[in-house]
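> Can you keep this structure in mind? I'll have questions shortly.
Only the coordinates and a few stated rules stand behind these numbers; no lab work does. Just so you know, these numbers come straight off a predicted model, no measurement behind them. Note that each Cβ is placed from the backbone with ideal geometry, even for glycine, and that neighbours are counted across all protein chains shown.
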Amino acid sequence: MPPKIATSKEMIIEAGYVIADEEGIDQVNCRAIAKKLGCSTQPVFSRFPNMEKLKEEVFNYACDELEQSIADRLNNSEESSPVEVAVTVLADLARNHKNLYKLIYLSDFRSEKTFLEEREKYQTNKLILQELTDKYKINSERAEGIYERTSLLVHGVCTVIATTAMNYSNEQVLKIVNDELADARK
């Protein structure tokens, strides 16, 4: 008889991530994860005290995957602008992984921190702030204000992409952002 494969916490979170991507975070539950992993529900119950904690871990995993996607794109492409890379990755996420976009940006898993406090834990956001400071020769306080307003604009457009039949190409979203950045410098 082959050895029984232990179902790790990471395997459960990754299965939850796949379900969240395919069906939405509301469909992440013990039975769905057990089915996806081909195991009983016992490993899920034994590793998470409740479904809310599991969904929170799936949310954190999705945020980390998004951060990694932006970082990989910055490291492996000819695009050198953190702003443009982040905008493109977010628009692609909203277009191609609507449920993950909704999980990351439209769910109640966000903390009660301010917009900038929430984002400061991610390295790519620090690169974006640095780009704004260097490129436009502005102080960090002004860069933070521009970053916050521009990000909210991007998230608005991406929310339209993720939740309606309207679609904006990456080029259109980048033009909106670049126009906003040009206006913000005035």
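> Got a sec? How would Asp26, Asp108 order by Cβ neighbour count within 10 Å, fewest to most?
Asp108, Asp26
> What ranking of Asp92, Asp134 emerges when the number of other C-beta atoms within 10 Å of each C-beta is taken as an exposure proxy, fewest first?
Ascending Cβ contact count within 10 Å gives the list Asp134, Asp92.
> How high is the relative contact order of region 59-159, in percent, counting Cα pairs under 8 Å that sit 6 or more residues apart?
Reported relative contact order: 29 percent.
> Take the cross-link list Lys9/Lys98; Lys98/Lys175; Lys55/Lys102 and give me the ones stretching past 19 Å between alpha-carbons.
Among Lys9/Lys98; Lys98/Lys175; Lys55/Lys102, the Cα-Cα distance tops 19 Å for Lys9/Lys98; Lys98/Lys175.
> On a full-extension model of 0.36 nm per residue, what is the gain between Asn96 and Lys137, subtracting their alpha-carbon distance, rounded to one decimal in nm?
11.2 nm
> Moving to a separate point now. Which three extents, in angstrom, do the Cα atoms of region 123-165 have along their principal axes, listed largest first?
39, 18, 13
> Also, I was wondering about something else. When the Cα centres of region 164-180 and region 36-66 are compared, how far apart do they sit, in Å?
34 Å
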